[in-house]
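Here the structure is laid out as structure tokens; the discussion comes afterwards.
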Amino acid sequence: MNILFATSEAVPLIKTGGLADVSGSLPPAIQALGHDIRVVLPGYPTAIKNAGTLTSIASFTLERDLLEGQILEGTLPGTKVPVYLIDIPHYFNRDGGPYNHEKGGDWTDNPQRFAAFAHTVVQLAMARIDVGWKPDLIHCNDWQTGLIPPLLTVEDNPPASIFTIHNLAYQGLYDKDVFHSLGLPEHFWSPESLEFYHNFSFLKGGLAHAHWITTVSPTYAREIRTPAFSYGLDGLLNHRSRQLSGILNGIDETVWNPSKDVHLKGNYSSDSLQKKAVNKLALQKHFGLKEDKSIPLMASIGRLAEQKGVDLILKVLPKLFESGAQFILLGSGDAWLEHNLQMLASQYPEQFKLTLGYNEPLAHQIEAGADIFLMPSRFEPCGLNQIYSLKYGTIPVVGRTGGLVDTVVDATTRNLYLDTATGFIMDDASPEALLHATERALQTYQQPKVWQKIIKTAMKQPFSWEISAKEYIDIYQQVT
Ligand code: ADP
């Protein structure tokens with residue numbers, strides 16, 4: 001099968017979150033199973049720089065705004081997967097992030113940028129931009145690619161499309177004027193298509209028109225069909241429930257593997273857990289914490305957003321610090337959370353170390369060095385950090401939602417007895433529940449035999465992409 005994988009970010013070209021991890025790992029896993037999959041993404045300067053050797057293989061003029069562009073062809077570094085970068089300098093050649101300018105706000109022309117991306121992908125798929133290859137199917141990801149499935153419906157003999165939701169909270173929602181300014185077919189302005197309560201939704205385009213919808217965990221696939229998680233889209237998602245599945249993300253085990261990880265002070269496996277302590281001591285030293293492997297070291301990494309329950313962490317830390325535990329947090333995001341974290345870190349300089357920013361090597365070192373990983377998300381489509389934590393034997397404390405409950409097995413008495421326990425699950429998204437779950441973890445940490453057993457069970461869980469890739473291929477085959 002020929003598959004075009006359309007995404008707005010992919011490791012190692014450009015990354016803001018889990019979507020990039022998936023886009024960098026799933027296509028190689030599908031290729032390894034014998035399919036011709038190619039990745040297409042916008043030609044941001046960072047992506048062009050990180051792609052290495054690129055060849056310009058086609059040029060084009062956008063019909064609507066007469067802007068010039070070209071298709072740059074290369075290979076996703078570290079893989080054999082072909083990649084097409086859509087280089088439209090007016091829209092993509094600028095400093096800043098893929099969606100935000102340097103001050104943090106959205107680019108005001110995001111709808112124009114991602115509409116131009118979608119139009120170009122469709123032109124390429126229909127061979128009006130000729131790259132010498134045609135897909136049987138386009139795999140779209142998140143709202144930035146949401147216009148691709150509807151645009152395919154007005155073509156003769158188009159490829160099939162599937163649409164993967166990585167996070168329903170981001171919808172690409174704009175007003176009606178924006179819809180009109182993009183010159184989209186008039187009949188798209190309808191509740192069966194792009195109109196969403198009198199607004200214009202990119203995401204809805206994907207949900208309404210793709211042949212199949214997937215999301216990144218079975219539990220999230222059920223949750224988004226309920227009002228509490230759907231942002232008003234449960235009606236549509238229930239209507240499409242026969243073409244909606246949840247496929248758990250895998251992880252890149254060449255990058256996230258404690259026995260090979262190049263960022264670590266000491267590599268280890270479940271058979272050499274004493275070497276995990278080397279990383280703990282190095283981490284304590286790095287942060288100027290008391291270097292003592294008997295002190296429980298908790299950590300958290302991620303976007304500082306309400307979704308991630310960072311406010312819950314803020315509320316319970318003072319209580320947790322009474323036990324003498326240490327805590328390291330790496331993340332960036334909402335200004336009010338950053339500010340409150342800074343205030344708290346200054347009150348507990350001996351126990352709480354905060355790094356604001358994005359730091360990949362440090363994320364690896366924290367995953368290896370910490371004992372307990374806090375991830376009290378209010379919702380979590382899949383979540384990667386709790387999976388990395390399991391693989392690194394850093395026991396996760398997680399919210400009872402989405403991919404978290406699909407990957408972590410709560411250390412109940414029964415699960416401990418059965419040797420299936422891998423972490424601690426909160427009863428609900430409250431500070432009390434986080435405190436209770438973390439205290440359970442801290443108490444269990446004081447029983448080294450039980451703790452080691454949990455670590456060993458956690459580290460052997462399989463999260464390779466091959467399992468997920470097979471499930472995607474089943475769906476590709478159903479819709480083509
Ligand atoms: P989301 O996509 O919602 O942000 P995920 O857990 O699915 O959350 O994926 C987040 C990814 O980004 C993980 O690979 C995580 O390690 C990484 N990450 C997030 N914040 C940081 C940070 N401040 N420094 C380094 N890596 C980070």
Check your understanding: In the chain, how does Rg compare with the Kirkwood Rh, expressed as the Rg/Rh ratio over alpha carbon atoms?
Key -> 0.98
Exercise for review: Check the straight Cα-Cα distances from residue 391 and name the aspartates and glutamates below 18 Å, setting aside those fewer than 8 residues away within the same chain.
Suggested key: 21, 252, 253, 261, 271, 360, 367, 371, 406, 410, 419, 466
Review point. Relative to the longest principal Cα axis of the chain, at what angle does helix 431-445 sit, 0 to 90 degrees, rounded to 10?
Key: 60 degrees
Check your understanding: How far is helix 276-287 tilted, in degrees, relative to the longest principal axis of the Cα atoms in the chain, given as a value from 0 to 90 rounded to the nearest 10?
Key -> 80 degrees
Point to revise | Pair residue 153, residue 93: separation of 7 Å Cα→Cβ label points (nm) | key: 3.6 nm
Review point. Roughly how many whole Å is it from the C-alpha centroid of the range 129-179 to that of the range 10-29?
Key: 18 Å
Check your understanding: By average Cβ neighbour count within 10 Å, what is the ranking of 343-352, 164-173, 374-383 from highest down?
Key -> 374-383, 164-173, 343-352
Revision key, fill the gap. Rounded to the nearest 5, the percent of antiparallel DSSP beta bridges in the chain equals 30 percent
Point to revise | Note, ³J(HN,Hα) from phi for the range 321-336, Karplus 6.51, -1.76, 1.60, rounded to Hz, x at Gly and Pro | key: 5, 4, 7, x, 5, 9, 9, 10, 10, 10, x, 8, x, 4, 4, 5
Review point. Quick one: which of 80/204; 260/280; 275/453; 293/319; 276/315 span more than 23 angstrom between C-alpha atoms?
Key: 80/204; 276/315
Exercise for review: Could you tell me how many degrees, from 0 to 90 and to the nearest 10, lie between the Cα long axis of helix 465-479 and the main elongation axis, the longest principal axis, of the Cα atoms of the chain?
Suggested key: 30 degrees
Practice item. Can you figure out the FRET efficiency of residue 186 with residue 228, using R₀ = 25 Å and their beta-carbon distance, to the nearest 0.05? Key: 0.15
**Study point:** Pair residue 239, residue 323: separation of 7 Å Cα→Cβ label points (nm)
**Key:** 4.9 nm
Exercise for review: Report the chymotrypsin sites (Phe, Trp or Tyr not before Pro) located in the range 194-250 that are in a DSSP loop and have at most 16 other Cβ atoms inside 10 Å of their Cβ, or state none.
Suggested key: 197, 231
Check your understanding: How many angstrom lie between the C-alpha centres of the range 46-108 and the range 256-333?
Key -> 36 Å
Review point. Say each of residue 335 and residue 2 gets a label point 7 Å from the Cα, pointing the same way as Cα to Cβ; how far apart are those two points in nm?
Key: 4.9 nm
Review point. Got a sec? Which residues in the range 372-415 would a label at residue 450 touch, if it sits 7 Å along Cα→Cβ and we count backbone N under 13 Å?
Key: 411-415
**Study point:** Of the chymotrypsin sites (Phe, Trp or Tyr not before Pro) in the range 75-166, those whose Cβ has at most 13 other Cβ within 10 Å and which sit in DSSP loop
**Key:** none
Study note, to complete from the structure: Taking the alpha-carbon centre of each part, the distance from the range 441-456 to the range 224-248 in Å is 38 Å
Exercise for review: Treat the count of other C-beta atoms within 10 Å as a stand-in for reagent exposure and order 222, 38, 242 from fewest to most.
Suggested key: 242, 222, 38
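Values quoted throughout were computed directly from the atomic coordinates according to the rules given, and no laboratory measurement underlies them. These figures come from a predicted structure and were not determined experimentally. Cβ: placed from backbone, ideal geometry, glycine included. Neighbour counts: every protein chain shown.
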